[in-house]
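Here is the structure we will look at.
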Amino acid sequence: MSQPSTLNYQEEGRRLLTVLYGTLSALKLYPVENETVQQALSELHTLIERIVKVDGSAEVRVVGDFFFLNETRLRLDLSNFATFGAFATALQAHGIAAVDVLPGIERREWAPFMSMLLRKPSTESPFEGFMERFASAPVQHIVLRSATAPVQDIVLRSATDVEKPGEEENFTATKRTYAQSVKVAKDVLGDMRMGKAVTVRKVKRAVQTIVDQVLSNESSMVAMTTLRDFDEYTFTHCVNVAIFSVIIGQRLGLDRLQLYELGLGALFHDVGKQRLDIDVINKPGSLTDAERADFREHPTEGLLILFDMHGFADIPYRQMLMAYEHHMKIDLTGYPPNRRPREPTLFTRIVAVADSFDAGTSVRSYQYTAWPPDAVLQEMRDNPKRGLDTLLVKVLITATGVYPVGTLVILDTHELALVAQVNKDPALLHRPIVRVISDPVGLSLSEPKTLDLAESDPATGAPRNQIIKTTDPQKYGIRVSDYLIP
């Protein structure tokens, strides 16, 4: 089979990250002669060889939190951001900024190099110590560059250009926070399901970081919630609910400690589901009466789990109430049933709003089509059967706008556009900043263009562009995060 004349750098780079991570993981667990290790090394060599054949070499460079393949910066999604972190950490520990693979690379050169990355670095001069060992290794076609070496200007061939100084760095820091938070949620909830002890400290750190990012860069954190992954829904949902809860809380004037308490409860709001049958949680059709009764026990189970959980300085009463009450509804017609009059706490009502919004805009096992975000907000605000605190729904709308970030819209020019940012003027929440991604006949633009729908035509005073209606990204095969997250 002939080799391609050009490379899809984004696709090849993401695959390379996965293979590098897999090879390091295999070498950690097994001796080099193990079949799993050998298979990983073969896959790595085949992939690198293909890149070298097309481009003449393969340079992997790590600059801060950015990853480059032959000077193309990769856009990392939720899944490969964590794998990038593992490989980047291994390089940075040894003071390595770049790995350049030359033509003629042989498969046998990979095992010693990758094994050396797993060794403990020298304490005083990591790069010099690594190179001293590397010089005696049977590696001829791998050239390493120190993190302190001069770095030439980098040409970004990314699909998304940076529009403002510092914007890319902000997105990268936020993406790292989001990816790490989802990983923590996955690890903790997975441990609970298997009956293992849970490290609460990791969860506390994740929530503190979420609060910090929301306070410093709210718009980027909202954009991260578009990284919805069907297979990771349980974990991304917990993190998204925490993000939206903290956003609502800070707009209500809660202080940092209160936001932390709120975020912690939001992250744990569905923890009781870990005691349910996984087939019931993921059932695509309607639940039987018995399954529905079991499902409605998850708030009570969540309260009991948190009560028994070790690692809190004090009993987490607020978090227990958030887990227990978040499906009760304002008029108490939800579940669990109540024998005495009560009023769900403010924190619980916030979590209920955040939970409803993220659930309504996500694809789940029993919801194959997500609602448009604006329709979800309208339903939450106007339908009393939802049992939500409408004041808090309105607070969420002030943060998300009438058309939340990630909404696919059709403009009066018949162009398709994605809402990229909420207009900061409260009177213009219905006129967001959008990223136009197709022309009037539906052809994708090579470079999306940004429009501020609040801008008016000086001659007429009328808006230059308006939204006609919202539509479903799945209908057009659009992955929202590809256009909103660099």
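The values are calculated or read from the model by the stated rules, or taken from the named source; none is laboratory data. From a predicted model like this one, the values you see are computed outputs, not experimental measurements. Because the Cβ atoms are built from the backbone with ideal geometry, glycine has one as well, and the counts that use them run over all protein chains shown. Ligands, DNA and RNA are stripped out before the accessible areas are found, and what is left, the full protein with its side chains, is counted by its heavy atoms. Shrake-Rupley method; radii C 1.70, N 1.55, O 1.52, S 1.80 Å.
The table for this structure:
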| read-out | value |
| --- | --- |
| Area of Glu232 that stays accessible when all protein chains are in place (1.4 Å probe, Å², to 10) | 40 Å² |
| Where Rh is the Kirkwood radius over Cα pairs, Rg/Rh for the range 389-486 | 0.99 |
| Carbon + sulfur, % of accessible area of the range 328-461 - ligands and nucleic acids excluded, 1.4 Å | 54 percent |
| Note, ³J(HN,Hα) from phi for the range 93-106, Karplus 6.51, -1.76, 1.60, rounded to Hz, x at Gly and Pro | 4, 9, x, 8, 9, 8, 10, 10, 9, 9, x, x, 3, 10 |
| Solvent-accessible area of Tyr21 with every protein chain in place, 1.4 Å probe, in Å² to the nearest 10 | 90 Å² |
| Calculated FRET value between Lys28 and Asp457, using beta carbons and R₀ = 56 Å, to 0.05 | 0.35 |
| Accessible area in square angstrom per residue, the chain, 1.4 angstrom probe | 48 Å² |
| Helical mean residue ellipticity (222 nm; -39500 (n - 2.57) per DSSP H run of 4+; nearest 500) of the chain | -15000 deg cm²/dmol |
| Spherically averaged projected area of the range 314-473 from its Cα convex hull (nm²) | 13.0 nm² |
| Compactness of the range 256-296, expressed as Rg and Dmax over alpha-carbon positions, Å | 14.3, 43 |
| Tensor-based shape of the range 181-307 (alpha-carbon gyration tensor, a/c under 1.5 rounded, otherwise prolate or oblate) | prolate |
| Under Karplus coefficients 6.51, -1.76 and 1.60, residue-wise ³J(HN,Hα) of the range 321-338 in Hz, glycine/proline x | 5, 4, 5, 7, 9, 5, 10, 6, 6, 4, 8, 6, 8, x, 9, x, x, 10 |
| Pairwise FRET efficiency - Arg292 versus Asp439, Cβ, R0 = 56 Å, nearest 0.05 | 0.70 |
| Glu59 long-range amide H proximity, modeled H, under 5 Å | Asn70, Val101 |
| Estimated dipole of the range 380-486 in Debye, rounded to 20 [Cβ of Lys and Arg +1, of Asp and Glu -1, Cα centre] | 420 debye |
| Difference of contour (0.36 nm per residue) and Cα-Cα distance, Ser136 to Lys196 | 17.2 nm |
| Long pairs among Lys28/Lys196; Lys28/Lys202; Lys183/Lys475, criterion Cα-Cα beyond 25 Å | Lys183/Lys475 |
| Listed pairs Lys394/Lys449; Lys273/Lys394; Lys385/Lys424; Lys186/Lys283 exceeding 22 Å between Cα atoms | Lys394/Lys449; Lys273/Lys394; Lys385/Lys424 |
| Nearest-20 debye value, the chain charge dipole, Cβ charges on Lys, Arg, Asp, Glu | 940 debye |
| Normalised contact order of the chain, rounded percent, pairs of Cα under 8 Å and 6 or more residues apart | 10 percent |
| Cα gyration tensor shape of the chain, rounded if a/c is under 1.5, else prolate or oblate by comparing a/b with b/c | oblate |
| Share of carbon and sulfur in the accessible heavy-atom surface of the range 182-284 [1.4 Å probe, %] | 48 percent |
| Amide H contacts under 5 Å for Ala97, placed H, 5+ residues apart | Arg145, Ser146, Ala147 |
| Cut-off under 5 Å, modelled amide H: who pairs with Ile437 long-range | Leu416, Ala417, Leu418 |
| Between 0 and 90°, nearest 10: helix 233-251 axis offset from the chain longest Cα axis | 60 degrees |
